[in-house]
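Each remark here refers to the structure printed beneath this line.
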Amino acid sequence: MNDDRPIGVFDSGVGGLTVLAALQRRLPQESTLYLGDTARVPYGTRSAETVVRYAKNNVRTLVSVSDVKIVVVACNTVSAVALPALTQELRVPVVGVIDAGARAALAATRGGTIAVLGTAGTVRSGAYPRTLAALGHTGHVVTLACPLFVPLAEEGWTHGDIPERVAKKYLAQLPNDVDTVVLGCTHYPLLHDAIRSVLPAGTAIVDGGAATAEHVARVIAARTASMAAQHRLLVTDAPEQMVQLAPAFLGRPIARSDVDLVDVQMTA
Ligand code: DGL
């Protein structure tokens, strides 16, 4: 059956464009509708209750704008705390980024410690260790909040001395036997090179966004669209900022006319 409904994607802000980029690379024939809640970003510092409430607002907005065939939760912090609530809310499949990231980490580890880097909210939720354990992993897992990586990525300070020194300071807290590092936040792929530069050679770095795109491809495999793909971007504030940050996060420039401003549906 052909299904040309778009893939719905949402995030707390612009960071999820890294996941959108992975989806568009893996599924170039699919249309996408992306919502960034730029009026209320960041989510990583907020309570789980607030993140669940915001996430519900976002999916209601997304499905009211378009009849999407799947919702991809690009934000790790939302994926960590809100997936059950969102699954209950929607009739279409809901896919977060944590399950695929955890599976990719399991495929990469050679028996050493898996280190998950994320926001304070993602770390506090325990979602990655819980998911890894549910997948049968019995080895050691550590989680580490790296909050400064988010503003560094948005400031464009992703290469050179400053991000490398910040990465060194954070990652010095990891145990010596780490063999796999999960980039458990939408922004961290931009810091990949800085993170790589302070890790021992041979440490695997896993990007949950790319792994999620593979998973989404499997979920919608039987319902692939054939028409020319269309891509729509929505924000809840400051569209110019998304235009400015798109090259770094999405990997290509966008025009102001590609981004629409929407009000989130605030119902509880
Ligand atoms: N999108 C968030 C995440 O992946 C990072 C930015 C934020 O704190 O909202 O966890």
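Only the coordinates and a few stated rules stand behind these numbers; no lab work does. These numbers come from a predicted model, not from an experiment. Neighbour counts are summed over all protein chains in view; Cβ atoms, including those assigned to glycine, are modelled from backbone coordinates with ideal geometry.
Short version: ³J(HN,Hα) in whole Hz for each residue of the stretch 141-154, in order, from phi by Karplus 6.51 cos²θ - 1.76 cosθ + 1.60 (θ = phi - 60°), x for Gly and Pro, what are they?
The phi angles translate into 10, 10, 10, 9, 7, 10, x, 5, 5, 5, x, 4, 5, 6 Hz.
Would you work out the charge dipole size for the chain about its Cα centre, treating the Cβ of every Lys and Arg as +1 and the Cβ of every Asp and Glu as -1, and quote it to the nearest 20 debye?
480
Nearest 20 debye, what's the magnitude of the dipole of the stretch 164-268 about its Cα centre given +1 on Lys and Arg Cβ and -1 on Asp and Glu Cβ?
The dipole of the stretch 164-268 has a size of about 140 debye.
For the stretch 138-154 and the stretch 176-255, compute the distance between their C-alpha centroids and round to whole Å.
15
Which one of Ala21, Ala107, Ala213 has the biggest mean-square fluctuation once the chain is modelled by GNM with Cα springs under 10 Å?
Highest fluctuation of the listed residues: Ala107.
Quote the relative contact order of the stretch 116-268 in percent (integer), defining contacts as alpha-carbon pairs under 8 Å separated by 6+ residues.
20
What order, most packed first, do the peptides 142-155, 175-188 have when packing is the mean number of other Cβ atoms within 10 Å of each residue?
Result, highest mean Cβ count within 10 Å first: 175-188, 142-155.
Using amide H atoms built in the peptide plane, which far-off residues or other-chain residues are under 5 Å from His231 H to H?
Residues meeting the criterion, in which the H sits 1.01 Å from N, are Thr32.
Could you put Met266, Met242 in order, starting from the residue whose Cβ has the fewest other Cβ atoms within 10 Å? Each step should come with its number before you reach the end.
Values: Met266 11, Met242 24.
Going from sparsest to densest Cβ surroundings: Met266, Met242.
Which number comes out as Rg/Rh for the stretch 1-146 once both Rg and the Kirkwood Rh are worked out on C-alpha atoms?
Working: Rg = 15.4 Å, Rh = 15.8 Å.
My calculation of the ratio gives 0.98.
For Lys168, go through the aspartates and glutamates and keep the ones whose alpha-carbon is under 13 Å away, minus same-chain ones fewer than eight residues off.
Cross-link targets: Asp193.
Taking a point 7 angstrom from the Cα of Ile162 along the C-beta vector, which residues in the stretch 187-214 have backbone N less than 17 Å away?
Only 188, 190-195 pass the distance filter.
Please list, short to long, the whole-number percent of alpha-carbon pairs of the stretch 161-268 in consecutive 5 angstrom bins beginning at zero.
Binned Cα distances yield the sequence 2, 9, 13, 15, 14, 16, 13, 9, 6, 2, 0.
Per residue of the chain, what 222 nm ellipticity follows from adding -39500 (n - 2.57) for every DSSP H run with n ≥ 4, rounded to the nearest 500?
On the way: 11 runs with 115 residues, N = 268.
After summing the helix terms and dividing by the residues of the chain, the value is -13000 deg cm²/dmol.
Points 7 angstrom from Cα along the Cβ direction at Ala108 and Ala248: gap in nanometres?
Modelled inter-label distance: 2.2 nm.
Mind grabbing the base-10 log of I(q)/I(0) for the chain at q = 0.11 Å⁻¹? Debye formula, identical points on the C-alpha positions, no solvent, two decimal places.
Cα-only, vacuum Debye calculation for the chain: -0.56.
Stretched out fully, how many nm does the piece from Asp237 to Gln88 gain, at 0.36 nm a residue minus the Cα gap?
Net length gain for the segment: 50.9 nm.
In a GNM of the chain with a 10 Å cut-off on Cα contacts, which of Ala211, Ala229, Ala167 has the highest mean-square fluctuation?
Judging by the Gaussian network model, the answer is Ala229.
Among Thr77, Thr122, Thr138, which one shows the highest mean-square fluctuation when the chain is modelled as a Gaussian network with alpha-carbon springs under 10 Å?
Maximum fluctuation in the GNM of the chain, among the listed residues, is at Thr138.
Run the numbers for Asp177 and Asp3: contour at 0.36 nm per residue of separation, minus the present Cα-Cα distance, in nm.
Working: separation 174, 0.36 × 174 = 62.64 nm, distance 4.64 nm.
Gain on stretching Asp177 to Asp3: 58.0 nm.
Using a 7 Å offset from the Cα along the Cα-to-Cβ direction at both Arg25 and Asp67, what is the distance between the two label points in nm, to one decimal?
Result for the modelled spin labels: 3.3 nm.
Any aspartates and glutamates with Cα under 13 Å of the Lys69 Cα? List them, leaving off those in the same chain fewer than 8 positions away.
Of all the aspartates and glutamates, those that pass the test against Lys69 - Cα under 13 Å, at least 8 places apart if same chain - are Asp3, Asp4, Glu30.
Which three lengths, in whole Å and largest first, does the stretch 100-219 cover when its Cα atoms are put on their principal axes?
39, 33, 27
Give me the distance in nm between label points sitting 7 Å out from Cα along the Cα-to-Cβ direction at Ala217 and Asp258, one decimal.
2.1
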